[in-house]
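What follows is one structure encoded as structure tokens, with my remarks underneath.
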Amino acid sequence: GKPICECNACFNGPDCSEFIPDCVVDADSGDPMFLEPFWLKHSASSAVVVPGWHRMSYEFNDGSLVSEELKMHIRKLHATVGNANTDGRYMIFGAGATQLLNAAVLALSSHDDSSSPSRIVASVPFYPVYKQQTEFFQTEDYKFNGETSRWKDHMDYSSNYIEFVTSPNNPDGQLKKAVLQGPSVKTIHDLAYYWPHFTSIPSPADEDLMIFTLSKLTGHAGSRFGWALIKNEAIYQRMLAYMSLSTYGVPRETQLRVLKLLKVVLEGKGREMFEFGYETMRNRWKKLSKILSISKRFSLQDLEYQNCSFSKTIRGPSPAFAWLKCEKEEDKKCFDVLKTANIIGREGSLFGAESRFVRLSLLQRQDGFDLLLKRMENLVLEENQKG
Ligand code: PMP
């Protein structure tokens, strides 16, 4: 039989045949397991074997900490997908986007003693880590200063601003542009979800500092790999110093694995993985939208059909997350409403939003998603029976 740790959601026992009736559906984590079937299909061609003697050195043969071949493949991938312009940009690797976000904040913040701390801002609803990380690592150089909109018409010109722009946005999937403008504003474009699985690609992103992650591209969140594309050389050097002094670069084994994975992705110009990813996410969104369309109690974010230059079609939405709203006054703690129905989402307040919002992850394995759908369906049925 299958080992217990690999049972499907809500099944248990030595052969995974025992259904756990009141089990909790975990729609909290953004773990991108939906791509697992693609990698099962390409199991042999994506495997890496590393003998004991291989890559022992601190450095590659050319003395650097990064694989030039991997950099080349990443540039090729962006050119193939058309989601980012890599021309004239330096590239940095990090242990996931998580490490690069902090490296970017540090590199962009004011570091002369005379100036006041850079104000770090993000638009609501924002990815909670921006606030958590900035507050945790806070120095004299920078400080989390809340919502972007608070500063839009009241900028304090004696300070520098660093705006996080997440496009498409986590949690609501909207394509976003920077809000603040001017010489004292710097932006970090977090493009973790700017891939054809989750959004149409209207045109290549062409920003000064862009961050991507393997986690949401191939689903290998555990490999801890991300990259930044940086226009300004001084900023690049500071981020490089950060990487060098904190970890001395990304493990060479990780780089080796990523290279192997990207080679598989690039076979047939990425069509197969992105088609699988898009179809999966599109189907999930359609099913959830259909169930909630007859509800007056719950609603979903509005997302538009958009032209996708990668698929050369107008495509319907396929977001990574549902940004669910509880519409009724008595349901203003939306997280609790869902919890009563054994669904664990992520509370809206963590994203700087009202607690009548909850984020539900749509990135889990199929069985987990099916269960989430079933539970949502029951909630809507219950609502309609009550009249
Ligand atoms: N940015 C956004 C918007 C994310 O949603 C995530 C992952 N949930 C990250 C960054 C971090 O990704 P990584 O796994 O590469 O650290």
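The values are calculated or read from the model by the stated rules, or taken from the named source; none is laboratory data. These numbers come from a predicted model, not from an experiment. Ideal geometry is used to build each Cβ from the backbone, glycine not excepted, and the neighbour counts take in all protein chains shown.
Which members of the stretch 113-136 meet the condition of being touching a helix residue (DSSP H, G or I) at 6+ places or on another chain (Cβ under 6 Å), part of a loop (DSSP other than H, G, I, E, B) and surrounded by fewer than 20 Cβ atoms within 10 Å (Cβ to Cβ)?
Pro128
Tally the residues that are more than 21 Å from Tyr242 (Cβ to Cβ) and of a type outside the set (Asp, Glu), restricting the search to the stretch 122-147.
Total meeting the criteria: 7.
Taking only pairs six or more apart or across chains, which ones have beta-carbon atoms under 7 Å, a first residue in the stretch 143-166 that is in the same structural domain as Gly182 (by TED's automatic domain parsing), and a second residue that is outside any strand (DSSP E or B) and of a type in the set (Phe, Trp, Tyr)?
Filtered contacts from the stretch 143-166: Tyr161/Trp151; Phe164/Phe126; Phe164/Tyr130; Thr166/Phe126; Thr166/Tyr127.
So which strands (runs of 3 or more DSSP E) stay within the stretch 278-356 end to end and still have 1 or more residues that are under 19 Å from Val25 (Cα atoms)? Explain how you work it out, then say what you get.
Numbers: elements: 306-308, 313-315, 321-326.
It comes to 321-326.
Looking only at the stretch 338-356, count every residue that is touching a helix residue (DSSP H, G or I) at 6+ places or on another chain (Cβ under 7 Å), aliphatic (A, V, I, L, M) and under 18 Å from Gln301 (Cα atoms) and tell me the total.
Here the count works out to 0.
Of the residues that sit in the stretch 145-156 and are crowded, with 19+ Cβ neighbours inside 10 Å and not in a helix (DSSP H, G or I), which one is modelled with the highest pLDDT?
Asn145
Out of the residues in the stretch 174-221 that are within 9 Å of the ligand (Cβ to nearest atom) and not in a loop (DSSP other than H, G, I, E, B), which is nearest to Pro125 (Cα to Cα)?
Of everything passing the filter in the stretch 174-221, Asp190 is nearest to Pro125 (Cα to Cα).
Take the stretch 16-32 and flag every residue that is away from the ligand (no atom under 16 Å from the Cβ) and either surrounded by 14 or more Cβ atoms within 10 Å (Cβ to Cβ) or not in a loop (DSSP other than H, G, I, E, B) (or both).
Start the filter on the stretch 16-32 by keeping residues that are away from the ligand (no atom under 16 Å from the Cβ), which leaves 16-25.
Across the stretch 16-32, the qualifying residues are Cys16, Glu18, Phe19, Val24, Val25.
For the structure I just gave you, tell me whether Phe34 is in the same structural domain as Leu350 (by TED's automatic domain parsing), modelled with pLDDT under 85 and closer than 30 Å to Thr340 by Cβ.
So Phe34 does not fit the description; no.
Determine whether Phe310 is over 16 Å from Lys286 (Cβ atoms) and either among the small types (Gly, Ala, Ser) or out of contact with any strand residue (DSSP E or B) (no Cβ under 6 Å at 6 or more places or on another chain) (or both).
So Phe310 passes the test.
Looking at the stretch 73-96 only, could you name the residues that are part of a loop (DSSP other than H, G, I, E, B) and within 16 Å of the ligand (Cβ to nearest atom)?
Selection gives Asn83, Ala95.
Kindly evaluate Gln99 against the criterion of being within 16 Å of the ligand (Cβ to nearest atom), without any contact (Cβ under 8 Å) to a residue 60 or more places away in the chain, outside any loop (DSSP other than H, G, I, E, B) and in the same structural domain as Ala192 (by TED's automatic domain parsing).
It is false that Gln99 is within 16 Å of the ligand (Cβ to nearest atom), without any contact (Cβ under 8 Å) to a residue 60 or more places away in the chain, outside any loop (DSSP other than H, G, I, E, B) and in the same structural domain as Ala192 (by TED's automatic domain parsing).
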